[in-house]
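The values are calculated or read from the model by the stated rules, or taken from the named source; none is laboratory data. All figures in this text were calculated on a predicted structure; none of them were measured in a lab. Because the Cβ atoms are built from the backbone with ideal geometry, glycine has one as well, and the counts that use them run over all protein chains shown. Each accessible area value is taken on the protein alone, full model and side chains, heavy atoms only, with ligands, DNA and RNA left out. Shrake-Rupley method; radii C 1.70, N 1.55, O 1.52, S 1.80 Å.
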Amino acid sequence: MGPGEHAAQVGHGPIDPGVDIGHVHLKVADLDRALAFYVGVLGFGLTARFGDQAAFVSAGGYHHHIGLNTWESKGGQPAPGGTTGLYHLAIRYPTRASLADAYRRLLDAGIPIQGASDHGVSEALYLADLDGNGVELYRDRPREQWPRTPEGELTMYTRPLDLQSLLGETSDLGEQLAAARPGADVA
């Protein structure tokens, strides 16, 4: 019996519901190029940089949500298809308007999306960063809006996301930011 098979049989009960994913650390080929995407396009803040070897970025002043490094990957190529590894990292936005802002940033930077889906519980944009790492940008719907069967079981699906409707939310974000910062000029 392999270690994974044994671990599946141990059965210690559920994990503490307060546990979450603190950060993801990505291997990148070019640190400046990666920062141009995560900071320049998506708008994360740079919290620390260690030369051309590593950098940490975050939203809202957290120490880091995403780590970027070239320790084993400087000048490297994306992993070929058919190999194991990270499928994508998922970045959750707090509102539909903030997801719309992320989509607008991608459009303005000429970054193509690979897919856009409504999953019932969430709305998501799928793309690759400049190193070929899969990235999902999404927002959760409030739990009371999640689709359920008549028996109350969660039922997720994949339907096309209405991108025009999503873009219509970008004006709402400007209003929200202006309300949060009285006197600030929000374009």
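The table that follows gives values for the structure above.
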item: Out of Ala128, Ala59, Ala100, Ala55, sole residue that is in contact with an Asp or Glu (Cβ under 8 Å, 6 or more places away or on another chain) and surrounded by 13 or more Cβ atoms within 10 Å (Cβ to Cβ); result: Ala100
item: Condition check for Leu137: under 30 Å from Pro78 (Cα atoms), outside any loop (DSSP other than H, G, I, E, B) and either open to solvent by less than 50 Å² (accessible area, probe 1.4 Å) or at pLDDT 95 or above (or both); result: yes
item: Near pairs, Cβ below 9 angstrom, 6+ apart or cross-chain, from segment 103-122 (under 14 Å from Ala90 (Cβ atoms)) to any residue that is of a type in the set (Lys, Arg) and exposed (fewer than 13 other Cβ atoms within 10 Å of the Cβ); result: Ser117/Arg159; His119/Arg159; Val121/Arg143
item: Candidate set: segment 23-44, residues that are open to solvent by less than 30 Å² (accessible area, probe 1.4 Å) and not aromatic (Phe, Trp, Tyr); chosen: the one nearest to His88 (Cα to Cα); result: Leu26
item: Selection within segment 86-97 - open to solvent by 70 Å² or more (accessible area, probe 1.4 Å) and under 12 Å from Asn133 (Cβ atoms); result: Leu86, Tyr87
